[in-house]
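In what follows, a structure is listed as structure tokens, so that the remarks can point back to it.
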Amino acid sequence: MDWKRTREPADAWHMTDDLHVEHGKGDPFAAAIRATRMSMIITDPRQADNPIVFVNDAFLRLSGYERHEVLGKNCRFLQGSKTDKATVDLLREAIAEKVDVSVDILNYRKDGSTFWNALFISPVSNDRGELLFFFASQLDVSDRKRSEHRMTADKERFEKAVKERTRELEAALEAQTTLLHEVDHRVKNNLQMISSLIVMQSRTIKDAATKKSLTTMLERIEALSTVHRRLYQSKDVSRFDVAEFARDLVTDLLTASGRAEIKSTLDLEPIVISAEKATPVALMVNELVTNALKHAFKEKPDGTTAGRIGIKMSQPDGHFNIEVSDDGVGMADASGDASFGMRLIKSLARQLHADIEWRDAGPGTKVVISMPNEPQQKGNVS
Amino acid sequence: MIEPLKVLIVEDEALLAMELESLVEEAGHSVVGWATSSTEAKAMVDSTEADIAFVDIHLTDGPTGVEVAEYIGEKKNSMVVFMTANPKRIPDHFAGAIGVIAKPYTMNGLMSALRYLQEGVHRPPPKSVLPAGFTLSPAFKTVWAPAA
Ligand SMILES: Nc1ncnc2c1ncn2[C@@H]1O[C@H](COP(=O)(O)OP(=O)(O)OP(=O)(O)O)[C@@H](O)[C@H]1O
Ligand SMILES: [Mg+2]
């Protein structure tokens, strides 16, 4: 196509296309555009197929073409097979609507190599609003694109790695849960067996004192059993509902004692403690309740041993308090600290950083335990 | 005086079965048989008369306790109470069983459970309170322990 024939001679931009026109070279703006390192072209939409009417040297350096190879051609020769169709559509629409457009597009050099082109096209109109040219600038942004691609690839790789790791962790957690259930199952069965062994042994023993001591041992082991039975009933295996446990324990000990005249008063706030505290707390409560049952209630003249055992559990700010009380004979006559039960209670209290105090309740005894407890999550154990 | 229970024990752990038998008999009931596997248990269900079967979930031939409970349920000649350290293995419908005694149970917990079951089997619903460690199936809960 011969663009020279159809050009508008009055236009200064146009003149600059003609390499041999002297006054075009004298225009400082035209000179600047010719010399800039930014690749620039001008097309003429009033000619058929909107051909290139001006290119600067930077464009030729960027694209690898000679000037005569590109003048008069539509810009599409820069596109190639890997150029994004949607981006090309975007350009076409903007040109049809005569508006600015700015895209990153993959373009091809003369030698077939590609570069990422940050392309900016804007229409140029005259005073009367008639469209005269399109002005386009090109910037090679292959480096930026490369790092963008690398970042996207990195991101995808990371996401994949994270997904994989999550899957691994989930599988590990599941395996661990299965294992926990298996171990829990065995612990429970073994505790049951220990109890059974003691009961069976006890049946064969005639001596009352030995039998009594086996019964005490059974009570302690059963307190542990009750902890374990309750421990994994909730969804959260790390928390333990100590009030529910106390209810179970007292009911059990009272009925086991076979002494229907002894009543219990339970005043239990729902209190959750961490699992590792469950065993010492349970053992301590067991010792105190069995002590009250064993020692507090002396036989009355009518042969009965009526009485009341009270357990109160509360949690005033950051503390967990337990009170075990009876209205029996009191501990004025108690023989001191030497016995095993007392030593056990005091050691457990130390382990729990608990303060423990025996008070004369007149009548009877009130044991008050107070220990720090982590703040409660609202709601329940599950 | 309520008549005593005839009990079938389905438990793979000899020690526990032995001790359970002693406790059942101490409480005045009788044990009609002890099975360690589902096969043994089914044969025993066919050949004996029991009021209650205590069924562990894990038997010598695998986690077949539920299957045993279903078999007993079809025969309709006795009632089932699961006795397991793994109550989570029991299906929601309990395979028709009364409930579950969770291991480890206490000696007293078991005695209370026997008393409760004796009342429940021969004079339903039971008058005693539900013993600690004993959980009723949803179906039995509505009949034996309706919400007040
Ligand atoms: N609630 C109580 N009322 C009256 N006396 C008590 C009470 N609690 C403890 N005692 C007295 O304190 C003593 C020490 O109790 P401790 O628990 O150490 O021993 P024990 O119960 O006799 O035996 P064991 O070592 O098996 O527990 C008891 O022998 C008893 O005299
Ligand atoms: Mg004691």
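The values are calculated or read from the model by the stated rules, or taken from the named source; none is laboratory data. For clarity, every value in this text was computed on a predicted model and none was experimentally measured. Positions of Cβ are generated from backbone atoms using ideal geometry, with glycine treated the same way; all protein chains shown enter the neighbour counts.
Please state which one of A:Leu253, A:Leu249 is away from ligand 1 (no atom under 14 Å from the Cβ), buried (at least 20 other Cβ atoms within 10 Å of the Cβ) and within 27 Å of B:Ala27 (Cβ to Cβ). Break it down into steps so the answer makes sense when it comes.
Working: A:Leu253 fails: away from ligand 1 (no atom under 14 Å from the Cβ).
Step by step, each of A:Leu253, A:Leu249 is checked, and only A:Leu249 is away from ligand 1 (no atom under 14 Å from the Cβ), buried (at least 20 other Cβ atoms within 10 Å of the Cβ) and within 27 Å of B:Ala27 (Cβ to Cβ).
Let me confirm something: among B:Ala139, B:Ala148, B:Ala132, which residue is at pLDDT below 90 and surrounded by fewer than 23 Cβ atoms within 10 Å (Cβ to Cβ)?
Values: B:Ala139 fails: at pLDDT below 90; B:Ala132 fails: surrounded by fewer than 23 Cβ atoms within 10 Å (Cβ to Cβ).
Step by step, each of B:Ala139, B:Ala148, B:Ala132 is checked, and only B:Ala148 is at pLDDT below 90 and surrounded by fewer than 23 Cβ atoms within 10 Å (Cβ to Cβ).
So, A:Ile271, is that one of a type outside the set (Ser, Thr, Tyr) and within 15 Å of ligand 2 (Cβ to nearest atom) or not? Break it down into steps so the answer makes sense when it comes.
On the way: of a type outside the set (Ser, Thr, Tyr): yes; within 15 Å of ligand 2 (Cβ to nearest atom): no.
No.
So that you can scan it fast, the table gives a plain yes or no per residue for (1) buried (at least 16 other Cβ atoms within 10 Å of the Cβ); (2) hydroxyl-bearing (Ser, Thr, Tyr); (3) modelled with pLDDT under 95; (4) in a strand (DSSP E or B):
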| site | (1), (2), (3), (4) |
| --- | --- |
| A:Met1 | no, no, yes, no |
| A:Glu8 | no, no, yes, no |
| A:Met15 | yes, no, yes, no |
| A:His23 | no, no, yes, no |
| A:Ala30 | yes, no, yes, no |
| A:Asp49 | no, no, yes, no |
| A:Tyr65 | yes, yes, no, no |
| A:Leu91 | yes, no, yes, no |
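Looking at this structure, is A:Val285 closer than 30 Å to A:Asp236 by Cα, in contact with a strand residue (DSSP E or B) (Cβ under 7 Å, 6 or more places away or on another chain) and within 14 Å of ligand 1 (Cβ to nearest atom)?
On the way: closer than 30 Å to A:Asp236 by Cα: yes; in contact with a strand residue (DSSP E or B) (Cβ under 7 Å, 6 or more places away or on another chain): yes; within 14 Å of ligand 1 (Cβ to nearest atom): yes.
Yes: the conditions hold for A:Val285.
Any idea which residue in the stretch A:222-242 is nearest to ligand 1 (Cβ to nearest atom), counting only those that are crowded, with 19+ Cβ neighbours inside 10 Å and of a type in the set (A, V, I, L, M, F, W, C)?
First pass over the stretch A:222-242, keeping only residues crowded, with 19+ Cβ neighbours inside 10 Å: A:222-232, A:239-242.
Checking the rest, the ones that are also of a type in the set (A, V, I, L, M, F, W, C) come to A:223-224, A:227, A:231, A:240, A:242.
Values: A:Ala223: 12, A:Leu224: 16, A:Val227: 19, A:Leu231: 24, A:Phe240: 24, A:Val242: 21 Å.
If we take residues in the stretch A:222-242 being crowded, with 19+ Cβ neighbours inside 10 Å and of a type in the set (A, V, I, L, M, F, W, C), then A:Ala223 is nearest to ligand 1 (Cβ to nearest atom).
Being at negative phi, hydroxyl-bearing (Ser, Thr, Tyr), more than 13 Å from chain B (Cβ to nearest Cβ) and not in a strand (DSSP E or B) narrows it down to one of A:Thr251, A:Thr255, A:Thr279, A:Thr265, so name that one.
Details: A:Thr251 fails: more than 13 Å from chain B (Cβ to nearest Cβ); A:Thr255 fails: more than 13 Å from chain B (Cβ to nearest Cβ); A:Thr265 fails: not in a strand (DSSP E or B).
Answer to the selection: A:Thr279.
Hey, any hits in the stretch A:163-186 for a residue that's within 14 Å of chain B (Cβ to nearest Cβ) and touching a strand residue (DSSP E or B) at 6+ places or on another chain (Cβ under 9 Å)?
From the stretch A:163-186, those within 14 Å of chain B (Cβ to nearest Cβ) are A:177-186; that's our starting set.
Checking the rest, the ones that are also touching a strand residue (DSSP E or B) at 6+ places or on another chain (Cβ under 9 Å) come to A:185.
Yes; the residues of the stretch A:163-186 include at least one that is within 14 Å of chain B (Cβ to nearest Cβ) and touching a strand residue (DSSP E or B) at 6+ places or on another chain (Cβ under 9 Å).
Conditions (1) surrounded by 15 or more Cβ atoms within 10 Å (Cβ to Cβ); (2) of a type in the set (S, T, N, Q), marked per residue:
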residue	(1), (2)
A:Asn107	yes, yes
A:Lys110	no, no
A:Asn117	yes, yes
A:Ile121	yes, no
A:Ser125	no, yes
A:Leu132	yes, no
A:Phe135	yes, no
A:Gln138	yes, yes
A:Val141	yes, no
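Given the options B:Ala50, B:Ala43, name the one that is outside any strand (DSSP E or B), free of Cβ contacts under 8 Å to residues at least 24 places away in the same chain and out of contact with any helix residue (DSSP H, G or I) (no Cβ under 8 Å at 6 or more places or on another chain). Steps first, answer last, please.
Working: B:Ala50 fails: free of Cβ contacts under 8 Å to residues at least 24 places away in the same chain.
B:Ala43 is the lone residue from the list that is outside any strand (DSSP E or B), free of Cβ contacts under 8 Å to residues at least 24 places away in the same chain and out of contact with any helix residue (DSSP H, G or I) (no Cβ under 8 Å at 6 or more places or on another chain).
Restricting to the stretch A:274-300, name every residue that is within 16 Å of ligand 2 (Cβ to nearest atom) and of a type in the set (Asp, Glu).
A:Glu287
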